[in-house]
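S.K.: Let me give you the structure first, and then I'll get to my questions.
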Amino acid sequence: MLRVERPQLSAALGVALAVWQQAVNNGDINGDPWKQFHSQDTPTKNAVLDALRTMFHGKCAYCETQDADEIEHFWPKSSHSHNHFRGTPQYMFVWENLLLACHKCTGFACKGSR
């Protein structure tokens with residue numbers, strides 16, 4: 001795993017992620033909050049990706065392949081038997097839980113629900 005220094009987010013980006021996390025914590029979102037975030041809040045998603053690309057120098061946090069382009073969660077965003085029920089939506093939009101990863105490393109064949 002690639003070791004990096006995590007910078008502070010801009011105030012606006014920190015607030016935007018906090019609003020999403022609060023909605024998850026309050027149960028205000030019907031369906032999959034992560035899919036809704038990707039489809040409804042493109043400016044915030046793109047700002048998070050830009051910050052992660054800078055932080056990880058464009059490399060996947062796991063395999064260090066160049067041109068990683070997906071937001072990944074270190075702590076799983078949902079509980080599942082494959083991750084020993086360790087996942088939780090309480091960290092879904094927490095900056096310290098977000099990583100940059102390539103499509104291969106986020107795919108089910110590599111990661112699954114672990």
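S.K.: Is any helix in the chain, taking whole DSSP H runs, at least 15 angstrom long along its axis by alpha carbon and on average at least 0.0 on the Kyte-Doolittle scale, and which ones?
M.R.: TM-like helix candidates: 11-26.
S.K.: Identify all aspartates and glutamates with a Cα-Cα distance to Lys104 below 20 Å; exclude those on the same chain that are fewer than 8 residues away in sequence.
M.R.: Asp50, Glu64, Asp67, Asp69, Glu70, Glu72
S.K.: Also, I was wondering about something else. Skip the ligands, DNA and RNA, and give the accessible area per residue of the chain with a 1.4 Å probe, whole Å².
M.R.: I get 61 Å² per residue for this part.
S.K.: Okay, moving on. Starting with the highest mean, order 69-76, 93-100 by the number of other Cβ atoms within 10 Å, averaged over the residues of each peptide.
M.R.: Final packing ranking: 93-100, 69-76.
S.K.: Under 5 Å between amide hydrogens, which residues at least 5 positions from Tyr62 or on another chain qualify, with H placed 1.01 Å from N in the peptide plane?
M.R.: Leu2, Cys102
S.K.: Only sites in a loop by DSSP and with at most 10 other Cβ atoms within 10 Å count here; which trypsin sites (Lys or Arg not before Pro) in segment 1-107 make the cut?
M.R.: Passing both the DSSP loop test and the Cβ count: Arg3.
S.K.: Additional query: Which Cα, out of Phe37, Ala12, Met92, lies furthest along the positive dipole direction of the chain (beta carbon charges, K/R +1, D/E -1)?
M.R.: Met92
S.K.: Counting only protein heavy atoms and a 1.4 Å probe, tell me what percentage of the chain's accessible area is made up of carbon and sulfur.
M.R.: 53 percent
The values are calculated or read from the model by the stated rules, or taken from the named source; none is laboratory data. Just so it is clear, the structure is predicted and the values come from calculations on it, not from any experiment. Here Cβ is always computed from backbone atoms with ideal geometry, including for glycine, and neighbour counts include all displayed protein chains. Heavy atoms of the whole protein, side chains included, go into the accessibility calculation; ligands, DNA and RNA do not. Shrake-Rupley method; radii C 1.70, N 1.55, O 1.52, S 1.80 Å.
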